[in-house]
Each structure stands twice: as C-alpha cells, then as structure tokens.
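Have a look at the structure below before the remarks.
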Amino acid sequence: PAGLWTVFTLGGVGSKPTAQLEQCSPLANQSLLLLLVLANLTDAPDTPNPYRQAIISALSSATPHAFQINFNSLYTALCEQQKSDQATLLLYMLLHQNGNVRTYVLARTDIENLV
C-alpha cells in the first residue's frame with residue numbers, strides 16, 4: 001500500500017521541475033511510468049485490463065479495498081507536478097475513468113491550480 005501511495009504522490013517531492021524530479025526521486029518517476037504503461041495496456045477480448053481495474057477500484061468508494069487514498073493529497077500532488085507529462089497523463093486517466101476523482105476535482109474551489 002505505501003508503495004502505491006508513493007507512486008500516486010510522486011514521491012512527495014513538491015513542485016520541482018521534471019528534471020529535478022527524476023534526479024531526486026527516480027524510483028517514484030519510474031514507478032509512475034510503469035503504472036501508466038500497465039494501466040494503458042489493451043484489454044483482452046474476454047477480460048478487462050486488471051491493472052486499470054485495480055486503479056479504478058482502489059479509488060472507488062463503492063469497492064472495499066485494503067487502503068484508502070486521500071483525494072486532497074492526491075489532488076495537491078497532481079497540481080504541484082503538472083509540468084510532468086507523467087502526472088498529467090495520470091490525471092487524465094483518473095478523470096476519464098474514475099467518477100469519484102472527477103466529482104472531487106469538479107467540486108474543488110481552487111481548480112485554477114490544476115489548470
């Protein structure tokens with residue numbers, strides 16, 4: 001659980017440019033890239049992509065899971081990392097595939113931080 005949280009918060013490194021992010025937290029950067037590759041694999045004809053399903057269900061209140069993700073921390077980390085292509089792709093994936101994340105982001109009063 002802590003490893004996945006590290007991926008979602010990008011190692012908790014704050015608002016540093018992408019080059020600095022890769023230097024000070026290469027494991028978080030590589031983990032996020034791996035997560036994105038796995039989550040965007042094509043679905044098999046008879047089964048959906050299990051990695052995508054795991055990400056969607058981990059952030060869904062309807063599905064019980066072993067850990068909870070603080071949407072405020074996730075939102076803050078994504079806002080701070082918007083210069084990173086990886087963080088932008090993760091945000092895009094979450095907004096399009098997870099209704100709970102989309103609802104949370106749309107309810108924020110400081111959405112200009114994200115845009």
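The values are calculated or read from the model by the stated rules, or taken from the named source; none is laboratory data. Computed from a prediction, not measured in an experiment: that's the story for all the values here. Backbone-built Cβ (ideal geometry, glycine too); neighbour counts: all protein chains shown. Ligands, DNA and RNA are stripped out before the accessible areas are found, and what is left, the full protein with its side chains, is counted by its heavy atoms. Shrake-Rupley method; radii C 1.70, N 1.55, O 1.52, S 1.80 Å.
When L32, L106 are compared by accessible area at a 1.4 angstrom probe, the order from most to least is L106, L32.
Each peptide among 42-52, 89-99, 71-81 gets the average number of other Cβ atoms lying within 10 Å of its residues, and from highest to lowest they stand as 71-81, 89-99, 42-52.
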